[in-house]
Amino acid sequence: MIAVLQFDAVSRIHLDRFLAEGRLPMLNSLRSRGTWYELETPATHFEGAAAYSLYTGVHVGEHGLYYPWLWSAREQRVRFFDDLSAPEAGWERLERAGRRSLVIDPYEMRPPRTMRGIFLTGWQFKNRVVLRTSSIPNQIHRSLAREFGAPPVGEEVYGRPAARELLRLRESLLVGPRRGADVVEKLLQREQFDMLWISLSAAHLGGHRYFDLSPISEEAELSRYPELGTALLDIYQAVDEALARIVASLPAGTDILVVSPSGMGPNTSRSHLLPGMLEAVMTGHREDSTGGGAPAGSLLWRIRAVMPTGLRGLVANSLPDRWALELAARLELRGVDWTITRAFMMPNDDAGYIRLNMRGRERDGIVDPREADALLNKLLLGLQTFRDADGVPVIRKVHRTAELGYRGPYEDQLPELVVEWNHRVVTPLAGASSPVFGAVSSPGWATGRTGCHTGDAWALVVLGSSKLRSPTRVPHIVDIVPTVCAAVGVDHDGLSGEPLLEPRSGT
């Protein structure tokens, strides 16, 4: 058997400190017994692609899925990513080979069509975007909930942070890892599996919300709630305790992979400013001395700015999940006049994504492909003229996606430009200004998150019955599925990665 245990989207700054202080004894024990690999990851440029690349073993150019809301060129609209095609996950490959899997809460992943074993999501906590309630067999989620209780709600509401919402989410994220360990212990006692894969995603969402609350402590009156000051440590310790219980329940000889497919760092994203910056560059906007700056943000960002987070959360929770997801998709880029729009910001959180409204590719495209290179160069140079109030550039670099190497049949779904922001912590209400194009004001608090993704991916391999294989290159997160295949005697033909373990006989 092989067990993949996701300590998901970990902040290395916090993790290294907590390990040194002895606050994560199980991970320290596993580290002393195993081999640590630093991994390459698409999260450096496409943070959302880490999930699908991890679970499928193929690169982003081969699946095109890098954010929950994706652009559909043929429809000239945004779609929720479940509506787009996707390659098979590792557990689907194992199913074809007759292997049984126990899969719990894969982050940002749709359920398989068929599966040999058990698939359970929305179990540790329920989140309509990243952990939607689903199970195979169909009734197992309900039967387990009768024994262990219904999952807590792990929803987050973008915008100005509120202490009450942060407290509610903290409680859900502390309960989640324990529920994960509960169900693993029960199901491993009852049935045999060739693979266990569980994402302990409380660490992921916890990193987004509690990475560093000090910049927002006064606004959210956090001094009244000292438990928020230790929220990230408390969540990491809950994950570590769950790891200890899960490892203790594994059959003898199980190979163990502890994986974090992306990292977490301070929130540096200015993506809420990018629509205004893009419009300023495209129109040549120059603020006069009395103006407040060009408005930044799509309709969705403007709604988030004027409607309180509590009210928006109430509205969203009153809708069925599918309706809420479709409403969010419809609001993205709502009101855009495609007859004059030559470039637009695609939905994103951390890095900024820009795409051309290309004739012959987009349904309502107007940009002549022969003019694309010159237009991209204009955008690339113009965006890099924007500065913070003290004159420091807000953008570290604008990448042409074609130069990043994400090749494959789905590379045409990607943006043309990826904006990498400077490494300063974002001040939510601050705008940006350009000596050429003038000022752009902030539409509000943006996501309200204090952490965003980094490329600090890693894997810890603890051998059970297998042997390590010497890597032929720097390991990558796409190597995890081939490693699972090697451990259970299944071929990894057609996958982008290579196994970290020697293949068992029969592969």
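Quick note: the coordinates plus some simple rules give every number you see, no bench work behind them. Because the structure is a prediction, the values reported are computed rather than measured. As a convention, Cβ positions derive from the backbone with ideal geometry for all residues, glycine included, and neighbour counts pool all protein chains shown.
In terms of Cα to Cα distance under 17 Å, which lysines are near enough to LYS397, apart from those fewer than 8 places away along the same chain?
The qualifying lysines are LYS378.
Quick one: grab the alpha carbon gyration tensor of the stretch 43-175, order the square roots of its eigenvalues as a ≥ b ≥ c, and give me rounded if a/c is under 1.5, else prolate or oblate depending on whether a/b is larger than b/c.
Details: a/c = 2.02, a/b = 1.07, b/c = 1.89.
Oblate, since a/c reaches 1.5 and b/c is not below a/b.
Based on the Cβ-Cβ distance of LYS467 and ARG361, what FRET efficiency does E = 1/(1 + (r/R0)^6) give at R0 = 45 Å, to the nearest 0.05? Please report the intermediate quantities before stating the final value.
Working: r = 48 Å, r/R0 = 1.06.
Given R0 = 45 Å and the Cβ-Cβ separation, E is 0.40.
How far is the Cα center of the stretch 319-383 from the Cα center of the stretch 59-116, in Å?
Each part reduced to its Cα centre gives a spacing of 23 Å.
Pairs of alpha-carbon atoms within less than 8 angstrom and 6+ residues apart define the contacts here; what relative contact order does the chain have, in percent?
Over the chain, the number comes to 26 percent.
At what distance in angstrom do the alpha carbon centres of the stretch 429-495 and the stretch 148-201 lie from each other?
21
In whole Å, what is the distance between the alpha-carbon centres of the stretch 8-45 and the stretch 215-236?
Cα centroid of the stretch 8-45 versus Cα centroid of the stretch 215-236: 23 Å apart.
Compute the acute angle (0 to 90°) between the alpha-carbon long axis of helix 372-383 and the principal axis of greatest extent of the alpha-carbon atoms of the chain; round to the nearest 10°.
Approximately 90 degrees, to the nearest ten.
Restricting to Cα pairs below 8 Å that are 6+ residues apart, what does the relative contact order work out to for the stretch 86-137? Please round to a whole percent. Please list the in-between numbers first.
Details: 78 pairs, mean separation 16.4, N = 52.
Reported relative contact order: 31 percent.
Could you name the aspartates and glutamates whose alpha carbon sits less than 16 Å from that of LYS467, not counting residues in the same chain fewer than 8 places away?
ASP255, ASP479, GLU498, GLU502
Only helical DSSP H runs with n ≥ 4 go in: add -39500 (n - 2.57) per run for the chain, normalise by residue count and round the 222 nm mean residue ellipticity to 500 deg cm²/dmol.
Result for the chain: -9500 deg cm²/dmol, rounded to the nearest 500.
If the label point is 7 Å along Cα→Cβ of LYS378, which residues in the stretch 332-364 have backbone nitrogen under 16 Å from it?
Correct set: 339-345, 355-359.
Can you give the convex hull volume per residue for the Cα atoms of the chain, as a whole number of Å³?
In the chain, the Cα convex hull volume per residue is 146 Å³.
Using a cut-off of 21 Å between alpha-carbon atoms, which lysines can reach LYS186, once sequence neighbours fewer than 8 places away in the same chain are excluded?
The qualifying lysines are LYS126.
So how tilted is helix 274-283 from the main axis of the chain? Cα-based, degrees 0 to 90, rounded to 10.
Between the helix axis and the principal axis of the chain, the angle is about 30 degrees.
Going by C-beta contacts inside 10 Å, put SER199, SER442 in order with the fewest on the left.
Details: SER199 30, SER442 23.
Ascending Cβ contact count within 10 Å gives the list SER442, SER199.
How much FRET efficiency would the formula 1/(1 + (r/R0)^6) give for ARG23 and SER143, where r is the Cβ-Cβ distance and R0 is 56 Å, rounded to 0.05?
With R0 = 56 Å, the Cβ-Cβ based efficiency is 0.95.
At a 10 Å Cβ-Cβ cut-off, how would you order ARG170, ARG396, ARG116, fewest neighbours first?
Numbers: ARG170 22, ARG396 14, ARG116 18.
Neighbour counts put them in this order, fewest first: ARG396, ARG116, ARG170.
To the nearest 0.05, how large is the calculated FRET efficiency for GLU502 and ARG245 if R₀ is 25 Å and r is the Cβ-Cβ distance?
0.30
Report the charge-dipole magnitude of the stretch 1-83 in Debye, nearest 20, computed about the Cα centre from +1 at each Lys and Arg Cβ and -1 at each Asp and Glu Cβ.
Approximately 220 debye in magnitude.
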